Amino acid sequence: MTLRAAVALAAAGVLALGGMCALAEETASPYPEGGAVFQANCAVCHGPKGAGQPSLAPPLTAYPARYAAIPEGRRQLALTVLNGMFGGIDVEGKHFDFKMPEFTQLDDDKLAAALNFVVFGIANAKSDVKPITAAEIAAERAHPMDGTAVREHRVKVLAELGL
């Protein structure tokens, strides 16, 4: 075997192993469909692990789990993915002034799965937190609002959570 062939074979093995690791991570998640929706739609701004990107998008590593534990927070999660959110917010001591797009093109099941991936897979919600349902998404879809109103609702949720 030539050196070039050996290097090509080794590179192929590394790529295959990397693919298997990614598949193992995806299948280990309790919400693999939500993980796929997140990677296809959210990771470009929030990062593949939801850690956020400075000056672009906030991390999703803590607040979504807290939101999912209270009724108005659950509404906030649904409102945000359905309507987007515009304007300045502070998350974990950092300021973000951004425009999150709306994702109304995704159906209620996909949005619920993506939110559950974030709430449980990224933000590590406690086991007593109930998963977000497609019915909750549908209820908010019936009452659209603009992204600025979504941000204003967020202020009330943060106050309720004492954040």
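The values are calculated or read from the model by the stated rules, or taken from the named source; none is laboratory data. It should be emphasised that the depicted structure is a prediction, and the values quoted were computed from it without experimental measurement. Cβ placement follows ideal geometry from the backbone for every residue including glycine, while neighbour counts extend to all protein chains displayed. For accessibility, only protein heavy atoms count, side chains too; no ligands or nucleic acids. Shrake-Rupley method; radii C 1.70, N 1.55, O 1.52, S 1.80 Å.
Could you identify the single residue in F86, F96 that is open to solvent by less than 30 Å² (accessible area, probe 1.4 Å) and either part of a strand (DSSP E or B) or free of Cβ contacts under 8 Å to residues at least 12 places away in the same chain (or both)?
Answer to the check: F96.
Under 8 Å by Cβ, and 6 or more places apart or on different chains, what pairs join a residue from region 146-163 that is farther than 18 Å from M85 by Cα with one that is not aliphatic (A, V, I, L, M)?
Sorted first by the residue in region 146-163, then by its partner, the pairs are E160/E72; E160/G73; L161/R66; L161/Y67; L161/G73; L163/Y63; L163/R66.
So in region 123-163, with the set limited to residues that are in a helix (DSSP H, G or I) and of a type in the set (K, R), which one is least open to solvent (accessible area, probe 1.4 Å)?
Result: R154.
Does C42 satisfy the criteria of being at pLDDT below 70 and out of contact with any helix residue (DSSP H, G or I) (no Cβ under 6 Å at 6 or more places or on another chain)?
Judged against the criteria, C42 is not a match.
What's the number of the condition F117 fails, among (1) part of a helix (DSSP H, G or I); (2) among the hydrophobic types (A, V, I, L, M, F, W, C); (3) under 26 Å from A159 (Cβ atoms)?
Just one mismatch for F117, condition (3).
Could you pull out the residue among G50, G73 that is under 24 Å from G35 (Cβ atoms), part of a loop (DSSP other than H, G, I, E, B) and open to solvent by less than 20 Å² (accessible area, probe 1.4 Å)?
G50
For region 99-122, how many residues meet the condition of being open to solvent by 70 Å² or more (accessible area, probe 1.4 Å) and touching a helix residue (DSSP H, G or I) at 6+ places or on another chain (Cβ under 9 Å)?
So the count comes out to 5.
Out of all the residues in region 59-79, which are in contact (Cβ under 8 Å) with a residue 40 or more places away in the chain, in contact with an Asp or Glu (Cβ under 9 Å, 6 or more places away or on another chain) and of a type outside the set (V, I, T)?
A62, Y63, A69, E72, G73, R74, R75, L77, A78, L79
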